[in-house]
Amino acid sequence: MENLNKVINILLTIKKASISINDDAVFYIHKDKVDEIKKYLSENGVEINDILHGDQIEIERSFYIQNNIQPYKDFKNYFNRFELSDFGGRTIIILQEGEQDTVVFNNNEIPTSYFFQSGKQDFKAPNYYFLKKIIEIFFPRIVDYIDSTHNKYILLSPECGKFEIPAGNISEIAGIEKSLEDTYKAIEKILSFQKGWEPIIKNRIIRGLEVYTKPEEYFYWLIGNLEQFVTTTIRDYDVFSASHNRNNFGTIRT
């Protein structure tokens, strides 16, 4: 952690002297700060790309690799580039968020993200991670097919028929001021079950969403209520399993 803090302080120092940062983590330094920053980096053993001239400073990629860091310019850059495989190997640093802060998304077993130096908790980075897992791991278990032409998820249920959910922008949902960690914990639990729970949750989702009059908001209501849908399905599935076991073993034959 001490070394990580030192590395983040180096990045924060460059950021404070910058006018802007581009998507490739090139810092555009205030002209009167260029020599000062170059000297600072040299004193800290940080190599820069010598090809760039003037007010542009790009830290050599080896700096990020050696310190297990994946930099992103800002949340938009993070949303556009982040893949689930990016998590776990490197600490993610989101550079340009807040004048005095940088977001640090740690590669702990339980994803945690905070603003350095203020220490305020960040929800956006881990929520986007959880949302990607929901879309890529959970949805394939409950969605019958995807209408790519119209960007819709299609659910088919013998009880409720066909139901369409227009896809939403998960980067918008990531900004809610609450963690989606508990939602995904519930999902992990239900994914560990044998098959049989999928029709239950599909019916619950369809019945829960069809009362709303704005289909364009179905996706957002679904994510907002997903933990409740999952935990209720777990309860129903447990009741079904217990009843099924009693029926199988309740009669003794002689």
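A crude spin-label estimate for the pair residue 146 and residue 40, with each label 7 Å from Cα along the Cβ direction, gives 4.3 nm. Taking each residue as 0.36 nm, the span from residue 217 to residue 55 lengthens on full extension beyond its C-alpha to C-alpha distance by 53.8 nm. Counting neighbouring beta carbons within 10 Å and listing from fewest to most, the residues 7, 239 come out as 239, 7. Of all the options 158, 140, 71, the one that moves most in a Gaussian network model of the chain with Cα springs shorter than 10 angstrom is 158.
Could you compute the FRET efficiency for residue 19 and residue 76, with r as their C-beta to C-beta distance and R0 at 22 Å, rounded to 0.05? Here the calculated transfer efficiency is 0.75. Shown in residue order for the stretch 30-36 are the 3J(HN,Hα) couplings computed by the Karplus curve 6.51 cos²θ - 1.76 cosθ + 1.60 at θ = phi - 60°: 4, 4, 7, 10, 4, 4, 4 Hz (x for Gly and Pro).
Note on the chain: helix-only mean residue ellipticity at 222 nm, from DSSP H runs of 4+ residues weighted -39500 (n - 2.57) and normalised by residue number, equals -13500 deg cm²/dmol.
Comparing 139, 8, 233 along the charge dipole axis of the chain, the residue lying farthest to the positive side is 233, per the Cβ-charge model.
Think of the chain as a dipole: +1 on every Lys or Arg Cβ, -1 on every Asp or Glu Cβ, centred on the Cα centre; then among 56, 42, 158, 158 lies furthest on the positive end. Taking amide H positions as modeled 1.01 Å from N, with prolines and chain starts lacking one, the residues under 5 Å from residue 69 and 5 or more places away or on another chain are 91.
Using C-alpha pairs under 8 Å with a sequence gap of at least 6, the mean separation divided by the residue count of the stretch 2-122 gives a relative contact order of 19 percent. Compare the Cα positions of 29, 113, 218 along the charge dipole of the chain (+1 at Cβ of Lys, Arg; -1 at Cβ of Asp, Glu; about the Cα centre) and return the one farthest towards the positive end. Result: 218. Counting neighbouring Cβ atoms within 10 Å and putting the fewest first, the residues 159, 97 line up as 159, 97.
Straight Cα distances below 18 angstrom link residue 214 to the lysines 152, 162, with same-chain residues fewer than 8 positions distant left out. Each Lys and Arg contributes +1 and each Asp and Glu -1, all at the Cβ; summed about the Cα centre of the chain, the dipole is approximately 980 debye.
With both residues required to sit in the chain, DSSP beta bridges show an antiparallel share near 85%. Note on the chain: GNM, Cα springs under 10 Å; of 171, 192, 18, the largest mean-square fluctuation is that of 192. Each of 104, 230 has some number of other Cβ atoms within 10 Å of its Cβ, and from fewest to most they run 104, 230. Place a point 7 Å from the Cα of residue 228 along the Cα-to-Cβ direction; which residues of the stretch 151-181 have their backbone N under 18 Å from it? Answer for this model: 176-181.
Coordinate-derived values only; no laboratory data. Because the structure is predicted, anything quoted here is derived from the model rather than measured. Cβ: placed from backbone, ideal geometry, glycine included. Neighbour counts: every protein chain shown.
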